[in-house]
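**Student:** There's a structure below that I have some questions on.
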Amino acid sequence: MLSTTRSRIRAVAAVGMAAVATAAVTVTFETSAVAGAADSHAATAPLIPEIIQPPAGSRLVGAYLVTSGTQTYTCVVPAGATTGAYTGASVPEAQLIGTGGRVHHFAGPSWQSVRDGSLVTATRVESSPRAGTIPELLLKVASRSGEGVLSRADYINRLRTSGGVAPTGACTAGQTASVPYGSLYVFWDAPTA
């Protein structure tokens, strides 16, 4: 049944989507249940850490699984030193597959649908650390272009991360290191204010 790579990727994407759909239903249901309560932000999604949850009432736009990806780090050498370390931000390069087909994730950070060309860039709002891997994130869409599967996205979660941590040890100025990583990216349409 799962004899090809494509079949396995589709199966993993389906399982990931089921988990995201459960979280989205939980957010929507619990938000409705507390609508009359004093604290309307009391909704929780068990699969998304509270600190990186999208705004209450957000609706799922799509979910995409990294099929191949790297986080690339550049060596930073302090003034007067001969060696440095991989510190600072990384640059992503990844291919994703999910509910709206294939998406290319690259520097910006940016995401572009291979199917329809819709493009979003985002900025970090909050992060949730995970031991031994890059953190999970909540990002807010800062710009968009084109109409398509990503054009309704207002927020993006990077969830269930694996790998992608900067290498340790000495390096020389300008040296780069690309580290494989995995993640589930979830795109959200936030309610209008």
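All of the numbers you see were taken from the coordinates with simple rules; none came from a lab. In this text, all values refer to a predicted model and were calculated from it rather than measured experimentally. Backbone-built Cβ (ideal geometry, glycine too); neighbour counts: all protein chains shown.
**Student:** Mind listing the long-range amide H neighbours of V61? Cut-off is under 5 Å, sequence gap 5 or more, other chains count too, H placed in the peptide plane at 1.01 Å from N.
**Tutor:** When sequence neighbours closer than 5 places are left aside, the close amide H contacts are F187, W188, D189.
**Student:** Using a ≥ b ≥ c from the Cα gyration tensor of the stretch 140-193 (square roots of the eigenvalues), is it rounded, prolate or oblate, where a/c under 1.5 gives rounded and otherwise the larger of a/b and b/c decides, a/b for prolate? Numbers along the way, then the final one.
**Tutor:** Working: a/c = 3.25, a/b = 2.32, b/c = 1.40.
Prolate, because a/c is 1.5 or more and a/b exceeds b/c.
**Student:** I need the calculated FRET efficiency for the pair A173 and E147, taking r as the beta carbon distance and R₀ as 41 Å, to the nearest 0.05.
**Tutor:** Numbers: r = 43 Å, r/R0 = 1.06.
Efficiency, rounded to the nearest 0.05: 0.40.
**Student:** What net charge do the residues around D154 carry, taking every other residue with its C-beta under 12 Å from that of D154, with Lys and Arg at +1 and Asp and Glu at -1? Intermediate results must be reported in sequence, preceding the final value.
**Tutor:** Details: positive: R59, K140, R144, R152; negative: D189.
Spelling it out: positives minus negatives among the neighbours equals +3.
**Student:** Sticking with this one: Highest mean first, what order results for 178-185, 73-80 on Cβ atoms within 10 Å? Each step should come with its number before you reach the end.
**Tutor:** On the way: 178-185: 19.9, 73-80: 13.9.
Result, highest mean first: 178-185, 73-80.
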